[in-house]
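Colleague: Below you'll find the structure I mean.
The values are calculated or read from the model by the stated rules, or taken from the named source; none is laboratory data. In this text the structure is predicted, and so the values were computed from the model without any measurement. We place every Cβ from the backbone using ideal geometry, glycine too, and count neighbours over all the protein chains shown.
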Amino acid sequence: MGANPTRFVIIGNGAAGTYAAEQLRKDDAACEIVMIDDEKYTLYNRVSLPRYLKGVLLEQRVYVRDQEWHDKNRIDLRLETTVVQVDFEHKTVTTEPGGELRYDKLLIATGGRPNPLTCDGAANAKAVFNFQYFDETKAMVAKIPESKVAVILGGSFIGYELTEAFAFRKLETHWLMRGPWFLRRALDEAGGKIVTLLGEDAGVHFHYEEAIEKVEQANGTAKVTGTSGFSANADIVGVGLGLTMNIDLFKDTGLDTKVGVRTNEFLETNMPDVWAAGDVAEFYDVVSERHHRMGTWDNALNHGRHVAKNMLGAKQPYIEVPTYASGMFDSNISVMGVTTEEEPEAEAIVEVDYEGRNYKRLFFLADKLVGAMLIGKMKGRKKVLELISSRTPIDRREMGGAIERTAYLGDALAAAGIAALRFAFRIESDAFAGLAETGGAVRLLRAHAAIPQRIGLLGWSFGGAVAALAAGRDSRIRAAVLVSAPAARDYFGTAKPLAEVTRTRAKVLIVRGSADDVVAPADADRYAQVLTQARVANRLVTIEGADHNFTDPARRAEMLGIVTSWLREALAA
Ligand SMILES: Cc1cc2nc3c(=O)[nH]c(=O)nc-3n(C[C@H](O)[C@H](O)[C@H](O)COP(=O)(O)OP(=O)(O)OC[C@H]3O[C@@H](n4cnc5c(N)ncnc54)[C@H](O)[C@@H]3O)c2cc1C
């Protein structure tokens, strides 16, 4: 060991900085560790702030490490100290207060700061809060008992956390977002609708395509005027408008920055002996084969531990599927890997169940699964994570869901000699939109000279109910297959598939799985009953043990065999 131990300097004592310091001490008993942060707190858990805001977690439980821990581990923690300059050539940082400090190896773990509300009157409004730091959370906690009305702006996770906490605290809660739904770049309209349903169940008032134009102080409250007609006297205004990475101090230094600090897969920057970790690191991700940033606690923690080993000479690539799990009102949301937020080019497939408030969206780049979003049931999460991290080429049909259903159904029908036009509904919530799309498909088939006029319909789940409606309304349909079809749902509105299907001239095949966990198998009995009463030729088939999606290949094959041979016969007659 040399006379001078290596001096590691860490800027930022968040999860990335502190877990890096911990790992450095574990692996190098002799080194010097200096960690600098401009806040006044030892490491606290930002992920716990929402529960503290809700009033279900005590202040002491938000802290993760105390001063004693730093002393014991000989980590020289300098709080309320700002790094104002870094000289990469001479390997020094300048702090205020403090002055110049030499480093051998430097870790940048400066995270991001919240974007403020910049509209008229917002700058000095006492009722307006961001949600990133302990201090502003404490200020909100102090204000809530005297508050009745809360307004939140921001259609992302921080906006959600504020909304959920205020609604939980029984404030009249108005959630404004500039986009048409929550997480508009990662979720599609159906996912947005599930979030709306969950929020409405919790008493939240949603205001889409709305922002704040003006805030005026009035008798201790803030009069909030929206850009599209919203107006309220709010006691508390929460703002979640994203983060700006803390990279300003590196301007003109030659450090490679874009949105954050760019690194390679080892979390090394372009400067010698300088690494970056956590929210601020725009790292090369070997899983998705691109640079991106991750704003999650687990990523910051894992980056911290990993980068410490590399700073000590390991040179291992960082390979971890980023995950973000959070409550979503009375349910849960989980984000894995990359989504269309980071990769707008990713192709997405979706499965949605409004009744059960369940949603699954999978993201692909070429034949690899790169990310997923789940709301509600978390079943299958582990498998999805495995597939993302193993980067196994995937046949999407094995993933379950609407698009794959149409794919293998199309194959089975073609193999049975039945020409098929297959499509997935653009919106799976509106029976009339579904009917219009089905009508369009039927018209397209009829207009095709080479296609015989013997036309049948096959619909699955929501599509099964639409097929029932369409067969009742179009007397030219010869055969209708209803697979896993619900008999009644709130979102059918005034459409009544159970009543309307009795007017059909078609023969009807009803197929259900006995283990369907989305649509009660008894719904199939209801279809069979009304059809029999109306003297419509129908057949009810139950595939024992099959679930809603006929996931099991043997049961699916059985179902496809029955459906195709029945359809061939029904259309030939
Ligand atoms: C309310 C809230 C809820 C969240 N919920 C979740 C969740 O449910 N799940 C999840 O995975 N993630 C969640 N996150 C995100 C997660 O907390 C962050 O991704 C993580 O804490 C980032 O850690 P970090 O160490 O990279 O950065 P930070 O924690 O931001 O730490 C950086 C530190 O550096 C300091 N600093 C910056 N510049 C300087 C400078 N020049 N000199 C000195 N100090 C400086 C900053 O003040 C800060 O203290 C949530 C975040 C918030 C705010």
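Colleague: Step by step: first the residues of the stretch 101-147, then only those that are among the β-branched types (Val, Ile, Thr) and crowded, with 18+ Cβ neighbours inside 10 Å, then the one that is farthest from residue 304 (Cα to Cα). Which residue is that?
Modeller: Among those that are among the β-branched types (Val, Ile, Thr) and crowded, with 18+ Cβ neighbours inside 10 Å, it is 144.
Colleague: In the stretch 14-59, which residues are within 30 Å of the chain's Cα centre (by Cα), over 17 Å from residue 110 (Cα atoms) and more than 7 Å from the ligand (Cβ to nearest atom)?
Modeller: Of everything in the stretch 14-59, those that are within 30 Å of the chain's Cα centre (by Cα), over 17 Å from residue 110 (Cα atoms) and more than 7 Å from the ligand (Cβ to nearest atom) turn out to be 48, 51, 52, 53, 54, 55, 56, 57, 58, 59.
Colleague: Which residue is farthest from the ligand (Cβ to nearest atom), if the candidates are limited to the stretch 120-172 and must be in contact with a strand residue (DSSP E or B) (Cβ under 9 Å, 6 or more places away or on another chain) and of a type in the set (Val, Ile, Thr)?
Modeller: 149
Colleague: Return a yes/no flag: does the stretch 16-29 have any residue that is closer than 30 Å to residue 236 by Cα, modelled with pLDDT of 95 or more and surrounded by 14 or more Cβ atoms within 10 Å (Cβ to Cβ).
Modeller: As a first pass, look at the stretch 16-29 and keep what is closer than 30 Å to residue 236 by Cα: none.
No: the stretch 16-29 contains no residue that is closer than 30 Å to residue 236 by Cα, modelled with pLDDT of 95 or more and surrounded by 14 or more Cβ atoms within 10 Å (Cβ to Cβ).
Colleague: Moving on. Name the pairs: first residue in the stretch 258-287 and under 24 Å from residue 388 (Cα atoms), second residue in a helix (DSSP H, G or I) and modelled with pLDDT under 95, Cβ to Cβ under 7 Å, at least 6 apart or on different chains?
Modeller: 287/388; 287/389
Colleague: Same structure again: Being in contact with a helix residue (DSSP H, G or I) (Cβ under 9 Å, 6 or more places away or on another chain), within 20 Å of residue 86 (Cα to Cα) and outside any helix (DSSP H, G or I) is the filter here, so list the residues in the stretch 8-33 that pass it.
Modeller: 8, 10, 11, 12, 13, 14, 33
Colleague: Just checking, which of 454, 478 is surrounded by 16 or more Cβ atoms within 10 Å (Cβ to Cβ), of a type in the set (Lys, Arg), in the same structural domain as residue 563 (by TED's automatic domain parsing) and over 39 Å from the mean Cα position of the chain (by Cα)?
Modeller: Sole residue among the options that is surrounded by 16 or more Cβ atoms within 10 Å (Cβ to Cβ), of a type in the set (Lys, Arg), in the same structural domain as residue 563 (by TED's automatic domain parsing) and over 39 Å from the mean Cα position of the chain (by Cα): 478.
Colleague: Looking only at residues in the stretch 1-13 that are of a type in the set (S, T, N, Q) and away from the ligand (no atom under 11 Å from the Cβ), which one is surrounded by the fewest Cβ atoms within 10 Å (Cβ to Cβ)? Steps first, answer last, please.
Modeller: Filtering the stretch 1-13 for residues of a type in the set (S, T, N, Q) gives 4, 6, 13.
Now narrow it down to the ones that are away from the ligand (no atom under 11 Å from the Cβ): 4, 6.
Working: 4: 8, 6: 17.
The selected residue is 4.
Colleague: Also: Could you grab me the full set of residues in the stretch 540-573 that are exposed (fewer than 15 other Cβ atoms within 10 Å of the Cβ), charged (D, E, K, R) and within 21 Å of residue 461 (Cβ to Cβ)?
Modeller: Hit for the stretch 540-573 is 544, nothing else.
Colleague: Does residue 118 qualify as being over 24 Å from residue 277 (Cα atoms), without any contact (Cβ under 8 Å) to a residue 60 or more places away in the chain and not assigned by TED's automatic domain parsing to the domain that holds residue 50?
Modeller: Yes.
Colleague: Also: Hey, any hits in the stretch 77-100 for a residue that's over 26 Å from residue 254 (Cα atoms), surrounded by 15 or more Cβ atoms within 10 Å (Cβ to Cβ) and in contact with a Gly (Cβ under 8 Å, 6 or more places away or on another chain)?
Modeller: Taking every residue of the stretch 77-100 in turn, at least one turns out to be over 26 Å from residue 254 (Cα atoms), surrounded by 15 or more Cβ atoms within 10 Å (Cβ to Cβ) and in contact with a Gly (Cβ under 8 Å, 6 or more places away or on another chain).
Colleague: I'd like to check something: does the stretch 507-522 contain any residue that is farther than 30 Å from residue 475 by Cβ, crowded, with 17+ Cβ neighbours inside 10 Å and in contact with a Lys or Arg (Cβ under 6 Å, 6 or more places away or on another chain)?
Modeller: The answer is no; no qualifying residue exists.
Colleague: Let me ask another. Does any residue in the stretch 313-327 that is among the β-branched types (Val, Ile, Thr) come within less than 8 Å, Cβ to Cβ, of a residue that is assigned to a loop (DSSP other than H, G, I, E, B) and loosely packed, with under 15 Cβ neighbours inside 10 Å six or more places away or on a different chain, and which pairs are these?
Modeller: As it stands, the answer is 319/286, since those pairs meet every condition given.
Colleague: From the list 546, 488, 480, 515, which residue is within 23 Å of residue 564 (Cβ to Cβ) and touching a Leu at 6+ places or on another chain (Cβ under 8 Å)?
Modeller: Details: 546 fails: touching a Leu at 6+ places or on another chain (Cβ under 8 Å); 488 fails: within 23 Å of residue 564 (Cβ to Cβ); 515 fails: touching a Leu at 6+ places or on another chain (Cβ under 8 Å).
Criteria check complete, one pass: 480.
Colleague: Hand me the list of strands (runs of 3 or more DSSP E) wholly inside the stretch 255-362 holding 2 or more residues that are within 14 Å of the ligand (Cβ to nearest atom), touching a helix residue (DSSP H, G or I) at 6+ places or on another chain (Cβ under 9 Å) and not hydrophobic (A, V, I, L, M, F, W, C).
Modeller: Answer list for the stretch 255-362: 323-328, 331-337.
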